[in-house]
Amino acid sequence: MSTASWGDGTRSVRAGEQPAVPGAPLRPSPVFAAPFHLGDRPPRADGADAYARTEQPTLRDFEAAVGELDGGRCLSFATGMAALTAAVLACAGSGDRVVLPSDGYYATRLLGAEELTRFGIDVVQVPTPEIERFAADGGLDGVRMVLLETPSNPQLDVCDIAAVAAAARAVGALVAVDNTTATPLGQRPLTLGAHLTVGSDTKALTGHSDVLLGHVSTTDDELHARLKGFRDRTGATPGPFEAWLGHRSMSTLDLRLARQAANAAAVAELLASSPAVTGLRWPWRAGDPSFALAARQMLRPNGVLSCELADEAAVSRLLGASRLWAAATSFGGVHSTIDRRAQWGGDAVAPGFVRLSCGIEDTADLVADLSVALAALD
Ligand SMILES: *Cc1c(COP(=O)(O)O)cnc(C)c1O
């Protein structure tokens with residue numbers, strides 16, 4: 001059932017649904033099985049399930065839903081990193097050059113530096129704000145795949161997907177976009193020319209901080225088959241409970257994003273007015289370096305911001321004086337969180353650099369609580 005003509009709220013609930021069957025539940029229950037009965041028929045006769053590493057009904061329902069939001073065919077993975085690994089290794093091998101963001105998610109940079117290089121892949125790292133120029137200047141010549149991360153995590157820089165995709169397609173390079181920060185409702189890389197859109201569904205797509213999931217979607221049947229083969233053989237398939245939880249959770253994606261974005265808009269104004277804060281980034285705030293491109297390329301805002309406080313002690317004081325902002329990593333969940341990125345070791349950011357993830361609490365409560373905490377820095 002196509003949901004393309006509906007709005008984000010309807011699509012979040014109804015994407016991928018099968019036609020209603022009297023007596024059946026509105027949302028199918030999880031099917032817990034490793035092997036399925038074969039009976040007297042050969043495996044997978046008439047599409048029957050046989051073994052859950054490769055096929056199972058709960059995963060199919062979840063993938064249908066996410067794929068519909070992405071505008072492609074989706075394959076779900078146990079984590080976002082499993083999805084990213086599959087996106088690269090299903091398409092590139094020894095001797096291939098792969099371009100990764102040098103300012104992207106730290107585990108993705110480590111995947112490139114510590115793992116992909118061991119397989120003979122030539123990894124080139126380019127900062128997100130420079131990738132469009134890099135591509136226009138012929139940097140993608142001889143490249144097998146370029147991975148974009150936009151907005152980048154944690155610094156929230158945005159790059160022009162359509163421009164990079166056009167340059168990549170002109171030289172036969174594949175384009176994958178890590179769409180985690182935006183979510184499939186916030187940005188549709190496949191319609192902008194990307195071959196693959198990848199997400200950590202641990203973040204806003206599921207949004208309750210209680211499950212690890214990732215996915216890759218594509219409109220290209222051949223790439224889908226390669227990725228499916230890679231997942232079948234390497235085994236990073238999520239279990240049915242995670243898939244069911246993911247499907248249940250994404251029903252509220254539109255509502256959560258709307259509240260998170262409204263909270264972020266208010267929090268951005270508060271942070272901008274505080275003398276304790278520098279380097280505020282929120283791509284949807286007029287004046288942000290990413291504003292014009294985000295407004296053109298993206299479909300809607302979300303709740304992730306970043307900024308800098310004086311130092312590590314200032315971040316501790318802020319968190320100590322707050323009742324609603326939890327010290328925690330990850331983002332896109334229903335709880336508001338603050339993460340001091342330098343403590344993880346991977347990001348080239350200042351000791352006082354923080355990523356804020358606005359949850360779905362009341363805007364007035366979050367702003368009042370953060371105002372009190374900021375006052376503790378005076
Ligand atoms: C969290 C994240 C990942 C990794 O996802 P996991 O589900 O933790 O494996 C990849 N990319 C980005 C941008 C992320 O924020």
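The values are calculated or read from the model by the stated rules, or taken from the named source; none is laboratory data. If you're wondering where the values come from, they're calculated on a predicted model, not measured in any experiment. Every residue, glycine as well, gets a Cβ built from its backbone with ideal geometry; the counts of neighbours run over all protein chains shown. Remember, those area values only see protein heavy atoms, side chains included, never the ligands or the DNA or RNA. Shrake-Rupley method; radii C 1.70, N 1.55, O 1.52, S 1.80 Å.
When Leu271 is tested against the conditions (1) in a helix (DSSP H, G or I); (2) open to solvent by 10 Å² or more (accessible area, probe 1.4 Å), the lone failure is (2). All conditions in (1) away from the ligand (no atom under 14 Å from the Cβ); (2) over 12 Å from the mean Cα position of the chain (by Cα); (3) open to solvent by 10 Å² or more (accessible area, probe 1.4 Å); (4) touching a residue at least 40 places away in the same chain (Cβ under 8 Å) hold for Ala167, with the sole exception of (4).
Residues checked against (1) touching a residue at least 24 places away in the same chain (Cβ under 8 Å); (2) in a loop (DSSP other than H, G, I, E, B); (3) in contact with a Cys (Cβ under 8 Å, 6 or more places away or on another chain):
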position: Gly16; (1), (2), (3): yes, yes, no
position: Ala24; (1), (2), (3): no, yes, no
position: Pro28; (1), (2), (3): yes, yes, no
position: Ala33; (1), (2), (3): yes, yes, no
position: Arg41; (1), (2), (3): no, yes, no
position: Glu63; (1), (2), (3): yes, no, yes
position: Val66; (1), (2), (3): yes, no, yes
position: Gly93; (1), (2), (3): yes, yes, no
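Set side by side, the residues Asp362, Asp288, Asp369 differ, and just one is open to solvent by 30 Å² or more (accessible area, probe 1.4 Å) and either farther than 30 Å from Asp8 by Cα or more than 16 Å from the ligand (Cβ to nearest atom) (or both), which is Asp362. Per the listing Leu100, Leu156, the residue uniquely in contact with a Ser or Thr (Cβ under 8 Å, 6 or more places away or on another chain) and farther than 27 Å from His335 by Cβ is Leu100.
Note on segment 67-79: residues that are open to solvent by 10 Å² or more (accessible area, probe 1.4 Å) and within 12 Å of the ligand (Cβ to nearest atom) total 2.
Looking only at segment 231-268, how many residues end up being touching a strand residue (DSSP E or B) at 6+ places or on another chain (Cβ under 9 Å) and part of a helix (DSSP H, G or I)? Qualifying residue count for the region: 8. Considering the conditions (1) open to solvent by 20 Å² or more (accessible area, probe 1.4 Å); (2) in a loop (DSSP other than H, G, I, E, B), Leu140 is excluded by exactly one of them, (1).
Every condition in (1) among the aromatic types (Phe, Trp, Tyr); (2) open to solvent by 40 Å² or more (accessible area, probe 1.4 Å); (3) closer than 21 Å to Ala182 by Cα is met by Phe331 except one, and the failing one is (2).
Could you check segment 212-226 and list, in sequence order, the residues that are within 15 Å of the ligand (Cβ to nearest atom) and open to solvent by 10 Å² or more (accessible area, probe 1.4 Å)? Passing the criteria: only Leu212. Scanning segment 191-211 for residues that are surrounded by fewer than 21 Cβ atoms within 10 Å (Cβ to Cβ) and not in a helix (DSSP H, G or I) yields Gly193, His208, Ser209, Asp210, Val211.
Within segment 280-295, residues that are closer than 15 Å to Ser306 by Cα sit with their Cβ atoms under 7 Å from residues that are in a loop (DSSP other than H, G, I, E, B) and of a type in the set (Ser, Thr, Tyr), at 6+ positions apart or across chains, in these pairs: Pro283/Ser290.
Quick check on segment 176-189. Is at least one of its residues within 16 Å of the ligand (Cβ to nearest atom), open to solvent by less than 20 Å² (accessible area, probe 1.4 Å), of a type in the set (S, T, N, Q) and over 21 Å from Ala294 (Cα atoms)? No: zero hits.
Of the numbered criteria (1) farther than 27 Å from Ala348 by Cα; (2) open to solvent by 40 Å² or more (accessible area, probe 1.4 Å); (3) in contact with a strand residue (DSSP E or B) (Cβ under 7 Å, 6 or more places away or on another chain), the one Tyr105 fails is (1).
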